[in-house]
Amino acid sequence: MPNICIIGLGNPGTKYDGTRHNVGKDWVKSIAAEYHLELQSKKKIESTVATSSDEKILWGYPNQYVNESGHSINKILKKDNFKLEQVIVIHDDLDLPIGSLKLKIGGGHGGHNGLRSIISHTGKSFIRLRVGIGHPGNKVDVTNWVLGKFKPVEKDSILQSFYKFNNIIELLSNNDMRNAQLKLHTE
């Protein structure tokens, strides 16, 4: 039985791969490829999941749009008997500079419709890995911004933040949140 569940948010379909809104899902897919994990779509939980080779982590992403993520995450919680505190959601964050990372327990949705869905279906006490995607500067441009792809100059920052995340996975898998936060926030 896994210690934690790491869920990356993102929209379904290849046209959204590499977009700002899909950074969480893209990271889960990258981890699966790097560690040779076989992601499998599971109709019952409306998600695509894989278990780490040491069986400490259930990796996955919802098969619905970001704004409907709560349905899937609620099903995963029930099927695998996870407590909400064992769930880490990787999501894009407009309020952080590109590539900036913040690991946080609980909180509100901050205007993020995926988090709003998760909170309404499960509660607030899940862990969030907030991945900075920057802000377009004007609220009117937000939808196109989050559904747009990273610019070439931004991709390096996102890749560096992915490596930082990769460096705390073992701490997370051992439920060592404090040291994971310390390592992530001081690097």
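Since every read-out is calculated from the coordinates, none of them should be taken as a lab result. Quick caveat, the model's predicted, so the values are computed rather than measured. Here the Cβ is made from the backbone with ideal geometry for all residues, glycine too, and neighbour counts use every protein chain on show.
Here's the yes/no breakdown for (1) touching a Phe, Trp or Tyr at 6+ places or on another chain (Cβ under 9 Å); (2) farther than 17 Å from N22 by Cα; (3) assigned to a loop (DSSP other than H, G, I, E, B):
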position	(1), (2), (3)
H91	no, no, no
G107	no, yes, yes
R116	no, no, no
S125	no, yes, yes
V131	yes, no, no
P136	yes, no, yes
V142	no, no, no
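Residue under question is L96, and the condition is that it be without any contact (Cβ under 8 Å) to a residue 40 or more places away in the chain and more than 23 Å from P62 (Cβ to Cβ); does it hold? No; evaluated as a whole, the condition is false for this residue.
I need every pair where a residue in the stretch 31-47 that is touching a residue at least 60 places away in the same chain (Cβ under 8 Å) has its Cβ under 6 Å from the Cβ of a residue that is surrounded by fewer than 18 Cβ atoms within 10 Å (Cβ to Cβ) and assigned to a helix (DSSP H, G or I), sequence separation at least 6 or different chains. Once the first residue is touching a residue at least 60 places away in the same chain (Cβ under 8 Å) and sits in the stretch 31-47, no partner that is surrounded by fewer than 18 Cβ atoms within 10 Å (Cβ to Cβ) and assigned to a helix (DSSP H, G or I) comes close enough. Residue check: K102 meets all listed conditions (1) crowded, with 16+ Cβ neighbours inside 10 Å; (2) within 13 Å of the chain's Cα centre (by Cα) but one, namely (1). When the residues of the stretch 6-44 are filtered to those that are farther than 24 Å from D141 by Cα and among the basic types (K, R), the one that is nearest to the chain's Cα centre (by Cα) is K29.
Please go through the stretch 49-66 and give me each residue that is surrounded by fewer than 21 Cβ atoms within 10 Å (Cβ to Cβ) and in a strand (DSSP E or B), ordered by number. If the condition is that a residue be surrounded by fewer than 21 Cβ atoms within 10 Å (Cβ to Cβ) and in a strand (DSSP E or B), then A50, T51 are the ones that fit.
Across the stretch 71-99, the qualifying residues are those that are within 13 Å of the chain's Cα centre (by Cα) and farther than 21 Å from K149 by Cβ, and the one among them that is surrounded by the most Cβ atoms within 10 Å (Cβ to Cβ) is I73. Among the residues of the stretch 35-48, just one is part of a helix (DSSP H, G or I) and out of contact with any helix residue (DSSP H, G or I) (no Cβ under 8 Å at 6 or more places or on another chain), namely K43. Each residue in the stretch 34-48 was checked for being farther than 15 Å from F165 by Cβ and either surrounded by 19 or more Cβ atoms within 10 Å (Cβ to Cβ) or not basic (K, R) (or both), and 10 of them qualify.
If the condition is being crowded, with 24+ Cβ neighbours inside 10 Å and under 26 Å from L171 (Cα atoms), then the stretch 109-127 contributes G114, L115, I118, F126. Here the stretch 1-34 is the region considered, the condition is being of a type in the set (G, A, S) and part of a helix (DSSP H, G or I), and the residue that is farthest from S69 (Cα to Cα) is A33. Among the residues of the stretch 156-172, those that are assigned to a helix (DSSP H, G or I), touching a residue at least 60 places away in the same chain (Cβ under 8 Å) and under 15 Å from the mean Cα position of the chain (by Cα) comprise I158, S161, F162, K164, F165, N166, I169, L172. Within the stretch 161-184, the set of residues being under 15 Å from S100 (Cβ atoms) and exposed (fewer than 13 other Cβ atoms within 10 Å of the Cβ) comprises Y163 only.
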